[in-house]
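Some notes on the structure that comes next.
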Amino acid sequence: MPELPEVQTVLREVVKELQDARIEGLECLYPGTVIVDPELRGIAWPATLTGYERRGKYMLLHLSRGNSLIIHLRMTGKLVSTRIKDEASCHERACILLEGGHKLRFVDIRTFGKITLCRTENIPRFMPNLGVEPLGGDFTPAYLKQLFRQRKTPIKNALMDQTLIAGLGNIYANEILYRSRIDPQTPAGSLSLHKLKRLEEQTRAVLSEAIAMNGTSISDFRRVDDKSGEFQNFLQVYQKEKCPRGHSVQKIKQGGRSTFFCPVCQK
Ligand SMILES: [Zn+2]
């Protein structure tokens with residue numbers, strides 16, 4: 001499942017595809033994959049890319065004519081450029097048409113991914129309530145202390161709650177907690193400012209390293225050019241049997257997801 005570093009990687013590559021090309025249209029190939037703002041006025045195409053940003057696991061592409069695309073890959077969504085690989089897929093759910101006959105295919109086995117075309121000013125209506133950006137300036141130990149105040153929910157679950165912190169999923173939550181030496185079962189509200197400082201630093205470090213390595217390709221994350229990310233080679237506890245210091249990694253379930261942690265390092 002793409003998390004913040006994978007979405008950032010795909011966004012960077014989508015922007016490269018779109019920045020010098022006229023966008024000719026958006027085709028929906030599976031019911032419900034493309035959502036169109038009912039307030040969209042007139043013709044949306046052709047359009048050009050005028051700006052972009054990432055919010056949590058969402059990509060926002062701003063277009064000419066006052067419209068935007070919101071792309072959410074969800075579990076298995078990927079964007080594949082026909083410039084790199086022109087191969088039809090039976091899992092193609094939507095398609096961004098570019099000038100010269102090029103396409104960006106939205107391929108999504110599980111069909112949970114969405115592409116929304118909306119008026120730029122209506123973006124908030126189509127976005128869920130998202131928490132703080134873990135690479136942004138607001139993500140500080142003091143902010144986390146306030147955010148987790150009186151929360152008894154385990155820190156692992158709190159890290160993955162998109163309404164608290166936007167962009168972290170199971171792989172990075174495991175890795176961040178290992179590197180912060182925090183037991184994933186610790187109630188979020190009981191963490192000291194000192195430990196939250198470590199959590200903040202390690203969150204930034206893990207995410208930045210993963211972005212630099214184009215994300216993690218564990219299951220089926222692929223980039224726009226169909227290449228894999230490389231961060232899976234640097235994971236320290238996720239799906240490991242031993243931690244880097246040689247202790248046995250323990251696997252438990254939290255919120256229905258697998259948690260990997262070292263009971264020695266993460267006391
Ligand atoms: Zn250990």
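The values are calculated or read from the model by the stated rules, or taken from the named source; none is laboratory data. Treat the numbers as computed from the prediction; the structure is a model and nothing was measured. Ideal geometry is used to build each Cβ from the backbone, glycine not excepted, and the neighbour counts take in all protein chains shown.
Below is a table of values for the structure above.
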{"quantity": "Single residue of ALA47, ALA94, ALA88 found to be modelled with pLDDT under 95 and among the hydrophobic types (A, V, I, L, M, F, W, C)", "calculated": "ALA88"}
{"quantity": "Near pairs, Cβ below 7 angstrom, 6+ apart or cross-chain, from the range 125-149 (among the β-branched types (Val, Ile, Thr)) to any residue that is at pLDDT 95 or above", "calculated": "VAL132/ASP138; VAL132/PHE139; VAL132/TYR143; VAL132/ILE165; VAL132/ALA166; THR140/GLU200"}
{"quantity": "Among (1) of a type in the set (Val, Ile, Thr); (2) within 16 Å of the ligand (Cβ to nearest atom); (3) within 30 Å of PRO46 (Cβ to Cβ) - the single one VAL107 does not satisfy", "calculated": "(2)"}
{"quantity": "The one condition in (1) over 24 Å from the mean Cα position of the chain (by Cα); (2) part of a strand (DSSP E or B); (3) of a type in the set (Val, Ile, Thr) that ILE43 fails to fulfil", "calculated": "(2)"}
{"quantity": "Single match in GLU87, GLU13, GLU53 (criterion: under 22 Å from PHE231 (Cα atoms), surrounded by fewer than 22 Cβ atoms within 10 Å (Cβ to Cβ) and either free of Cβ contacts under 8 Å to residues at least 12 places away in the same chain or not assigned by TED's automatic domain parsing to the domain that holds ALA173 (or both))", "calculated": "GLU13"}
{"quantity": "Residues that are assigned to a loop (DSSP other than H, G, I, E, B) and either more than 22 Å from the chain's Cα centre (by Cα) or at positive phi (or both), drawn from the range 2-40", "calculated": "ASP20, ALA21, ARG22, LEU29, TYR30, PRO31, GLY32, ASP37, PRO38, GLU39, LEU40"}
{"quantity": "Within the range 171-185, considering residues that are within 16 Å of the ligand (Cβ to nearest atom) and among the hydroxyl-bearing types (Ser, Thr, Tyr), the one surrounded by the most Cβ atoms within 10 Å (Cβ to Cβ)", "calculated": "TYR178"}
{"quantity": "Scope the range 98-144; condition closer than 26 Å to ASP86 by Cβ, not in a strand (DSSP E or B) and not acidic (Asp, Glu); matching residues", "calculated": "GLY100, GLY101, HIS102, ILE109, ARG110, THR111, PHE112, GLY113"}
{"quantity": "Looking only at the range 174-233, and only at residues there that are among the β-branched types (Val, Ile, Thr) and not in a loop (DSSP other than H, G, I, E, B), the one that is nearest to LYS251 (Cα to Cα)", "calculated": "ILE176"}
{"quantity": "Residue in the range 26-41 that is buried (at least 22 other Cβ atoms within 10 Å of the Cβ) and touching a helix residue (DSSP H, G or I) at 6+ places or on another chain (Cβ under 8 Å) present", "calculated": "no"}
{"quantity": "Neighbours by Cβ (under 6 Å, 6+ apart or cross-chain): first from the range 251-267, farther than 12 Å from ASN170 by Cα; second within 8 Å of the ligand (Cβ to nearest atom) and not hydrophobic (A, V, I, L, M, F, W, C)", "calculated": "CYS262/HIS247; VAL264/HIS247"}
{"quantity": "Verdict on ILE218 being in the same structural domain as GLY169 (by TED's automatic domain parsing), surrounded by fewer than 20 Cβ atoms within 10 Å (Cβ to Cβ) and more than 16 Å from the ligand (Cβ to nearest atom)", "calculated": "yes"}
{"quantity": "ARG204 in contact with a Phe, Trp or Tyr (Cβ under 8 Å, 6 or more places away or on another chain), modelled with pLDDT of 95 or more and away from the ligand (no atom under 14 Å from the Cβ)", "calculated": "yes"}
{"quantity": "Criterion violated by ALA212 - all others in (1) of a type outside the set (Val, Ile, Thr); (2) within 16 Å of the ligand (Cβ to nearest atom); (3) at pLDDT 95 or above satisfied", "calculated": "(2)"}
{"quantity": "Search result, residues across the range 247-264 that are surrounded by fewer than 19 Cβ atoms within 10 Å (Cβ to Cβ) and either within 15 Å of the ligand (Cβ to nearest atom) or hydrophobic (A, V, I, L, M, F, W, C) (or both)", "calculated": "HIS247, SER248, GLN250, LYS251, ILE252, PRO263, VAL264"}
{"quantity": "Residue selected from the range 229-246 under the condition surrounded by 14 or more Cβ atoms within 10 Å (Cβ to Cβ) and closer than 11 Å to TYR178 by Cβ, by the criterion nearest to the ligand (Cβ to nearest atom)", "calculated": "CYS243"}
